[in-house]
Amino acid sequence: MGKQALDRIDRKIIHELMRDATLPIAELADRVNLSQTPCWKRVRKLEAAGIITGRVAVVEPAAIGLGLSVFVEIEATEHTAEWRSALTRVVKDFPEIVEAHRMAGDVDYLIKVAVPDMAAFDAFYVKLTETLPCRNVTSKFSMERIKATNAWPIDITTP
């Protein structure tokens, strides 16, 4: 099920579930103008295709003690499969890393880190730099989160 295989109904289902994954199937079906069984089958098909990858609760980080968000820019010491594997292990092994991206441009990787405070970030930074050899590591501290969403902008108007 590639991009072309998503019809307007599939996109509407995705649109609704990104906003509220707890919708009962009856309400979801009503919102996308389907009966319950075909709607449920489409949801299952979207899950099986890997388009819907999970259903989670969205939590306010500060409310669970993660009041500091830091964007960390990493420049690799070398561009080898071994170094990329080491980075992948670090990303998987460090729970403070909540996002990781390979970038184009001046910086090789950008990771987002969620920690309680500056002392926790300092401990993370020391552990990161001891574990992963880097040419340069630059940290940028978020002063205010203006927008955060898991709802991707999907076109629900075209057939």
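Okay, here's what the table says:
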quantity: Cross-link pairs beyond the 21 Å C-alpha cut-off, checked among Lys45/Lys147; Lys92/Lys112; Lys12/Lys92; Lys92/Lys147; Lys12/Lys147; calculated: Lys45/Lys147; Lys12/Lys92; Lys92/Lys147; Lys12/Lys147
quantity: Distance between region 64-103 and region 116-137 - C-alpha centres, whole angstrom; calculated: 10
quantity: In region 98-159, the trypsin sites (Lys or Arg not before Pro) that fall in loop regions by DSSP, at most 12 other Cβ within 10 Å; calculated: Arg145, Lys147
quantity: Furthest towards positive pole of dipole, Leu17, Ala29, Leu110, structure part the chain, Cβ charges; calculated: Ala29
quantity: Those aspartates and glutamates that a straight Cα-Cα span of less than 18 Å connects to Lys140, excepting residues fewer than 8 apart in one chain; calculated: Glu73, Glu75, Glu96, Glu99, Asp106, Asp108, Asp117, Asp122
quantity: Contour minus Cα-Cα distance for Lys147 and Glu27 (0.36 nm per residue); calculated: 40.5 nm
quantity: GNM flexibility winner over the chain from Ser142, Ser35, Ser69 (Cα, springs under 10 Å); calculated: Ser35
quantity: Cα→Cβ-extended label distance, 7 Å offset, between Val91 and Arg8, nm; calculated: 3.7
quantity: Rounded to whole Hz, the Karplus (6.51, -1.76, 1.60) HN-Hα couplings of region 60-70, x for glycine and proline; calculated: 6, x, 4, 5, 10, x, 10, x, 10, 10, 10
quantity: Lys/Arg +1, Asp/Glu -1 at C-beta; the chain dipole; positive extreme among Phe121, Met143, Ile52; calculated: Ile52
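Bear in mind these aren't lab numbers, they're just calculated from the coordinates by the rules spelled out. Since we're looking at a predicted model, the values are computed, not measured. When we count neighbours, we look across all protein chains shown, and the Cβ atoms used for this are built from the backbone with ideal geometry, even at glycine.
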